[in-house]
Structures are given as structure tokens and as C-alpha cells.
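Any read-out appearing in this document is the output of simple, stated calculations on the displayed coordinates, not a laboratory observation. From a predicted model like this one, the values you see are computed outputs, not experimental measurements. Backbone-built Cβ (ideal geometry, glycine too); neighbour counts: all protein chains shown.
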Amino acid sequence: MAPPITKHETRGVSVRMMRAGSGPPMLFLHGAGGMPPWGAFTELLASKYDLILPEHPGFGDSDNPGFIRNVQDMAMYYLDFLDGFGLPKVHIVGVSLGGWIAAEIAVRNCARIASLSLLAPAGCRVKGVPSGDNFIWNPEESARNLVYNQKFADAMLAAQPSEEEMDRILTSRFMATRLGWEPRWFNPALEKWLHRVSVPTLVVWGAQDKLFPQAYAKPWGDNIPGAKIEIVPECGHLLHVEKGEDVAGRVLHFLGGR
């Protein structure tokens, strides 16, 4: 059952947030699609952790401050967010754009981070391996290219969002474009600083990811000390949706050994 959506304010910026479960704190950073619906993935994480799931500034109904112009600004906002909570070290789980944000947080300051679990993170490129371009895909192409199992694409295409939900979707797309348009979904400087990630790190990738191909896992494994790479078979980019129980199990197993 989905927890209620509340509001949380950091330095005058109010964002929507869900929070559920008990145990060590865990911060979930969502992808470019905006705050995800509560599902098997988040339910399993919340069964073991105090799961905090904010909607990024600029997405949906959260405030859109002018000072957040790029992913690096978003990372600094989340450092303030963690300071404001005053929690002990948190486990961070980031999906796609959220994984990129998580990495940008960690290369700046790992003081409040216990671990990173990055699910097909944006942020790096591999020369000679082109990424997909979801900015030019039409809605059907986007739905079908983001998953391996097409029943999930069928469900996304059949969904009929309300007018209010459509407003949130469009707002999120605008902010995602601000963050990922140029250069497309990566920071040319990030890879050289990944050695500064000083916490246990798990990187999970879908074997059939058409947005960021499986080969994009390599720079993360090569540059983050001790990073563990896992590839999920028969899975596209939306790992937490398509293989929610499998991927949550991998994250929980990884953290269980900490």
C-alpha cells in the first residue's frame, strides 16, 4: 500500500515526498519520468529500510527554484536535503537520472552516505557505443524502447492520465530536458572524479537497455573503487519496474552484507 504524499522543505524549496518502512534510512532518487508509483520495488525496500522518496525540485508538483540549473546543482541541493534531515548515514538508491544525481552527490561528499545502489545511471558515456535518444522518441517508441518485456509497454501506452497527472508529466519532462539535453544525459567531467566515491557501490544494468546500453556499466566499474556490477537478463532500462522484485532483492542482498 502506497504511503501518503507529504511535503518537505529544504532551504525554502518544498518538494513532494513519500516515506515508509522502518530501519536504517534509505533515500530513493527517481529517474526522468518523475516520482514513480509505489510498487513491488519500493515495497520491498521499505520492508527493511526507512525509505524516503522525494520528488526532485522542478518535477511534478515540487517547487522549481531557479538556482537548480543542472545535475550538479541538484546534487548540492540533496546535500542540503540530507543535512536538513539530520539523519545518520543513508543508503542511496538512484535510478537513471537519479543514479547520476547520486554519483554527483558522492563525488562531492560521502560524509552522510552509507552506500550507493545505482540502477542504469546516466552520467557517463562509452566512446563508440551510441546511447538511445528519448528526447526524439515518440510516445510509443519511448514506451517500447525502455523495457524488454512489451507487456509493460502495452500498459504504459494504455494508461489514461488525468488532466492533473498530465500536468505533472509535462512539468517533469520540461525539467528533465533542462538537466539532460546538452550534452545528452552525461557530464564529461564525472568519470574522472568517480574515484572519490568512497562507499560500497552496486551498479545494476538491464542486459537489453536501449537507452544506455549494457556497455555503459564499464566506466562505473572501472572507476569506482570496489564497485560491484550486476547485469539483469531480459530487462530494459526501467529495471525497477520491469524486474522490481529481482532488482530489489539484489539491492537488499548487497546491503545485507554491509
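Quick notes
- Residue within region 182-201 that is more than 17 Å from the chain's Cα centre (by Cα) and small (Gly, Ala, Ser) present: yes
- Annotation: GLU140 fulfils all but one of (1) exposed (fewer than 12 other Cβ atoms within 10 Å of the Cβ); (2) touching a helix residue (DSSP H, G or I) at 6+ places or on another chain (Cβ under 8 Å); (3) within 29 Å of GLU104 (Cβ to Cβ); the unmet one is (3).
- Residue check, ALA143 assigned to a helix (DSSP H, G or I), among the aliphatic types (A, V, I, L, M) and under 20 Å from THR42 (Cβ atoms): no
- Region 143-158 - residue that is surrounded by fewer than 17 Cβ atoms within 10 Å (Cβ to Cβ), without any contact (Cβ under 8 Å) to a residue 40 or more places away in the chain and not charged (D, E, K, R) and, of those, farthest from VAL95 (Cα to Cα): ALA158
- Subset tally (residues that are in contact with a helix residue (DSSP H, G or I) (Cβ under 7 Å, 6 or more places away or on another chain), in a helix (DSSP H, G or I) and either surrounded by fewer than 24 Cβ atoms within 10 Å (Cβ to Cβ) or polar (S, T, N, Q) (or both)) for region 221-240: 1
- Of all residues in region 53-72, those being touching a Gly at 6+ places or on another chain (Cβ under 9 Å) and either outside any loop (DSSP other than H, G, I, E, B) or within 22 Å of LEU238 (Cα to Cα) (or both) number 5.
- GLY33 being touching a residue at least 60 places away in the same chain (Cβ under 8 Å) and buried (at least 21 other Cβ atoms within 10 Å of the Cβ): no
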